[in-house]
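Below is one structure; the comments refer to it alone.
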There are 2 protein chains.
Amino acid sequence: MNDITSRSWSLAKRPVGEPQQDDFAISEDNIAAPQKGEIQVRNSWMSVDPYMRGRMYDRESYVPPFQISETLQGGCVGTVTASGHPDFAVGDLVQSMAGWREAWTATPEAFMAVKLPKDTGLPDSAFLGIAGMPGLTAYAGILRVAELKEGDVVFVSGAAGAVGSAVVQIAKIKGCTVIGSAGGAEKVEFVKQLGADACIDYQQTANYDELLAALRAVAPKGIDVYFDNVGGDHFQAAIELARPMARMAICGMISQYNDTDPRPGPNNIIQIVGKQLQIRGFIVSTHSDMQPAFMQDMASWISSGNIRFEETVMEGVENAPAAFMGLFSGRNKGKMLVKLS
Amino acid sequence: MNDITSRSWSLAKRPVGEPQQDDFAISEDNIAAPQKGEIQVRNSWMSVDPYMRGRMYDRESYVPPFQISETLQGGCVGTVTASGHPDFAVGDLVQSMAGWREAWTATPEAFMAVKLPKDTGLPDSAFLGIAGMPGLTAYAGILRVAELKEGDVVFVSGAAGAVGSAVVQIAKIKGCTVIGSAGGAEKVEFVKQLGADACIDYQQTANYDELLAALRAVAPKGIDVYFDNVGGDHFQAAIELARPMARMAICGMISQYNDTDPRPGPNNIIQIVGKQLQIRGFIVSTHSDMQPAFMQDMASWISSGNIRFEETVMEGVENAPAAFMGLFSGRNKGKMLVKLS
């Protein structure tokens with residue numbers, strides 16, 4: 001009874017540099033009916049996120065590395081199709097870490113599965129974006145890690161991405177001047193529509209000096225806060241433009257995730273001293289205590305129209321690697337998602 | 001009445017790279033008797049400090065640059081020889097920023113002159129070191145900026161210097177494991193005598209890999225706190241050895257002060273994210289509110305023998321440039337001072 005099939009993705013081999021299609025392998029498995037304590041779930045949406053690139057390296061980090069030939073994991077939303085667990089009923093909407101597959105049977109604990117509320121007015125996919133991990137990342141990063149204050153001049157790299165686009169809007173809500181960086185005219189326009197006071201197109205800059213000049217033109221008095229999603233030249237430019245006592249929340253450095261050799265760091269790092277910069281890396285799970293405040297604020301901001309969100313959707317589990325690879329070529333505007341069924 | 005002569009140093013030209021003797025020019029001036037509101041002071045000690053190198057560049061910073069042919073400034077201690085100011089009497093011990101000269105006449109405000117207590121049991125020179133700016137730098141930097149906690153493994157570069165040697169001892173008082181780095185066997189021995197659990201001799205390491213290996217050998221489980229006086233390879237090694245949530249107080253980067261070209265930053269800066277590092281630059285004047293607590297703690301630690309201090313003294317104002325240049329060749333153990341009379 002209730003046996004279903006599911007296609008799922010694993011690593012065929014570890015990517016070297018930019019991930020390639022043949023780094024991934026698809027397989028089809030039978031998904032058993034749930035035993036006592038288990039639930040069977042059919043996923044409707046799965047998330048691809050930049051941080052997953054880090055788990056593809058075979059090295060110790062804050063999350064264990066993916067193993068070759070084991071199904072990849074990540075955020076997803078689905079519906080319970082059969083349940084052996086007293087807290088879950090058929091039809092329940094479930095968020096879990098059992099991504100990169102169409103369906104699964106396991107205990108809720110195995111994939112940190114939680115039931116989602118049904119009366120939010122939000123599309124299910126929002127729990128993988130603006131109302132989920134990327135939204136909380138933006139919220140905790142800009143408010144707590146960067147210690148945002150009203151009136152700050154805030155520079156957000158990757159401003160058209162899932163996290164960046166939320167940071168832009170939260171900073172505007174909090175009364176800041178917001179400068180974004182994004183790749184391509186369409187994304188720049190999107191960031192401006194979100195309320196950014198200015199947004200540069202880094203694809204129109206040929207090198208670091210041009211990037212810095214473009215930023216200086218829109219932030220002539222410098223910046224108080226930098227929210228980093230990109231790293232590399234963007235980080236160096238942020239240090240250069242930083243005012244005394246500027247604060248930097250380092251969320252990610254997507255421009256460096258595919259590096260095969262160590263890359264020299266910012267050549268102006270010495271400015272940390274004279275400008276008394278505060279640079280803090282962070283991981284969203286460290287700030288899970290902010291989840292209740294985040295959900296309350298975000299629900300209110302979305303319903304009042306103060307926060308908008310965009311999704312870039314690819315259809316079908318077969319396109320999951322393409323969606324993931326698209327993160328590094330900047331294919332997404334807002335949250336990159338795979339629609340599964 | 002009361003006119004005296006004073007030799008003083010100015011910049012003949014701005015140093016390029018390592019400062020040279022002919023970057024400095026000495027002159028002899030008549031120091032007038034004080035007018036109303038002024039004091040005349042004969043300096044007995046002057047300080048040379050690494051931060052002064054930054055003021056020799058013609059660039060905006062947290063302190064204005066030194067000007068060519070204007071007398072240099074810096075911390076000094078002296079005795080009032082004539083007074084036109086009601087709060088200062090002949091014989092008073094005065095600390096001020098009127099260094100690089102033997103005597104001066106000015107309002108106290110012009111050089112931030114303050115009277116020093118006479119009953120401290122400390123030598124006058126201590127107010128330029130352990131009981132002065134370098135001591136407060138160590139105190140504020142390790143306790144507040146680095147948020148030191150009992151049980152931390154602390155790595156201090158430049159551990160034999162004025163600031164570093166104080167950091168080593170404060171961290172030991174607070175119940176930490178302390179790893180130092182210093183240049184040469186004599187300094188390494190000094191740092192160990194101060195209580196450091198281990199100290200490496202960076203002069204015995206030929207490159208970054210050897211430096212990292214030497215540090216790893218004495219901090220096999222990594223570090224929780226890094227107090228940076230050196231920058232460069234030391235900073236990169238600290239990032240490499242940092243445990244999750246490690247905190248770094250960036251006080252100075254003396255290895256980079258004479259750079260003539262921008263130097264690539266740490267090639268492992270991306271670890272800021274995964275390890276959630278907190279990196280903070282600081283300047284002591286920002287933390288002047290800690291001065292009363294510092295003086296109370298430091299007086300108690302010195303009198304109880306928990307804090308020792310060492311001075312490297314050069315005699316005569318004519319040797320002030322040599323003393324300053326000696327900072328960059330590591331000539332000093334503890335505080336580098338010039339005895340003036």
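Think of it as helices only: each DSSP H run of n ≥ 4 in chain A is worth -39500 (n - 2.57), and spread over all residues that comes to -6500 deg cm²/dmol at 222 nm.
Enter the mean number of other protein chain beta carbons within 10 Å of the beta carbon of each residue in A:258-270, as an integer. Walk me through the numbers before you get to the answer.
On the way: counts 0, 2, 0, 1, 6, 6, 6, 12, 5, 6, 3, 15, 15.
Average per residue, whole number: 6.
For the protein assembly as shown, the fraction of C-alpha pairs farther apart than 46 angstrom is 31 percent.
I'd like the FRET efficiency for residue B:89 and residue B:13, computed as 1/(1 + (r/R0)^6) with the beta carbon distance as r and R0 of 30 Å, rounded to 0.05. It comes to 0.15. Straight-distance candidates among the aspartates and glutamates for linking to residue B:115, with alpha-carbon spacing under 15 Å and chain neighbours fewer than 8 residues away dropped: B:38, B:87, B:92, B:124.
Between residue B:30 and residue B:289, the C-beta separation translates, for a Förster distance of 45 Å, into a calculated FRET efficiency of about 0.65. Applying the Karplus relation 6.51 cos²θ - 1.76 cosθ + 1.60 with θ = phi - 60° to region A:186-201 yields 3J(HN,Hα) values of 5, 5, 4, 4, 4, 5, 5, 5, 6, x, 4, 6, 7, 8, 9, 9 Hz, where x marks Gly and Pro. Taking every Cα-Cα distance in region A:267-341 and sorting them into 5 Å bins starting at zero, the pair-distance distribution P(r) comes out as 3, 11, 12, 11, 14, 19, 15, 9, 4, 2, 0 percent.
Size of region A:163-315: Rg and Dmax of its alpha carbons, in Å, are 16.2, 50. Using alpha carbons only, how many degrees (0 to 90, rounded to 10) separate the axis of helix A:232-241 from the longest principal axis of chain A? Rounded to the nearest ten degrees, it is 40.
The Rg/Rh ratio for region A:163-229, using Cα coordinates for both the radius of gyration and the Kirkwood hydrodynamic radius, is 0.94. Taking a Cβ cut-off of under 12 Å around residue A:145, the surrounding Lys, Arg, Asp and Glu residues balance to a net charge of +1, with basic ones at +1 and acidic ones at -1. Label-point spacing at residue A:120 relative to the other copies reads 6.0 nm, in ascending order, each point sitting 7 Å out from Cα along Cα→Cβ. Paramagnetic label reach from residue A:62 (point 7 Å along Cα→Cβ; backbone nitrogen cut-off under 11 Å): within region A:102-146, residues A:137, A:141.
Model label sites at residue A:144 and residue B:144, defined 7 Å from Cα along the beta-carbon direction, differ in position by 2.4 nm. By the count of other C-beta atoms within 10 Å, a proxy for reagent exposure, A:77, B:218 are ordered fewest to most as B:218, A:77.
What's the local net charge at residue B:58, with K and R +1, D and E -1, over the other residues with C-beta under 12 Å away? After counting each charged neighbour, the total is +3. Sorted ascending by nearby beta carbons within 10 Å, beginning with the fewest, B:68, B:223 become B:68, B:223.
Once you reduce region A:59-97 and region A:302-323 to the center of their Cα atoms, the two points are 19 Å from each other.
In chain B, which longest range has no trypsin sites (Lys or Arg not before Pro) that are both DSSP loop (not H, G, I, E or B) and surrounded by at most 16 other Cβ atoms within 10 Å? Each step should come with its number before you reach the end.
Numbers: sites that count: B:13, B:36, B:59, B:118, B:149, B:174, B:221, B:308, B:331.
Free of exposed loop sites, the longest segment is B:222-307.
Counting partner chain Cβ atoms within 10 Å of every residue's Cβ in A:279-285, what's the average? If you average over the peptide's residues, the count of other-chain Cβ atoms is 6. Taking Cα atoms only, the orientation of helix A:208-218 departs from the longest principal axis of chain A by about 80 degrees. Between copies, residue A:87 shows label-point distances of 6.6 nm, shortest first, with the point placed 7 angstrom from Cα along Cα to C-beta.
Build a GNM of chain B with springs between Cα atoms under 10 Å: which of B:134, B:266, B:86 gets the top mean-square fluctuation? Among B:134, B:266, B:86, the largest GNM mean-square fluctuation belongs to B:86. Summarising the strand pairing of the protein assembly as shown, around 55 percent of its internal DSSP beta bridges are antiparallel. Distances between equivalent label points of residue B:260 across the copies, with each point positioned 7 Å along Cα→Cβ, amount to 3.6 nm, shortest listed first.
At q = 0.10, 0.11, 0.20 Å⁻¹ the log10 of I(q)/I(0) for region B:1-157 amounts to -0.44, -0.53, -1.27, computed by Debye summation with a single uniform scatterer per C-alpha, solvent ignored.
Taking 18 Å as the straight-line reach from the Cα of residue B:192, the lysines in range (excluding those fewer than 8 positions away in the same chain) are B:172, B:174, B:333, B:335. Using a Gaussian network model on chain B with a 10 Å cutoff between Cα atoms, which of B:96, B:181, B:69 fluctuates the most? Judging by the Gaussian network model, the answer is B:69. Listed by Cβ neighbour count within 10 Å, with the fewest neighbours leading, A:329, B:44 appear as A:329, B:44. Among B:119, B:201, B:22, the largest mean-square fluctuation in a Gaussian network model of chain B (Cα springs under 10 Å) belongs to B:119.
Could you check what % of the DSSP bridge pairs in chain A are antiparallel, to the nearest 5?
On the way: 30 of 58 bridges.
Counting only bridges with both partners in chain A, antiparallel ones make up about 50 percent.
Values quoted throughout were computed directly from the atomic coordinates according to the rules given, and no laboratory measurement underlies them. Since the model is a prediction, treat every value here as computed from it, not as a measurement. Glycine gets a Cβ as well: all are built from the backbone with ideal geometry, and neighbour counts include every protein chain shown.
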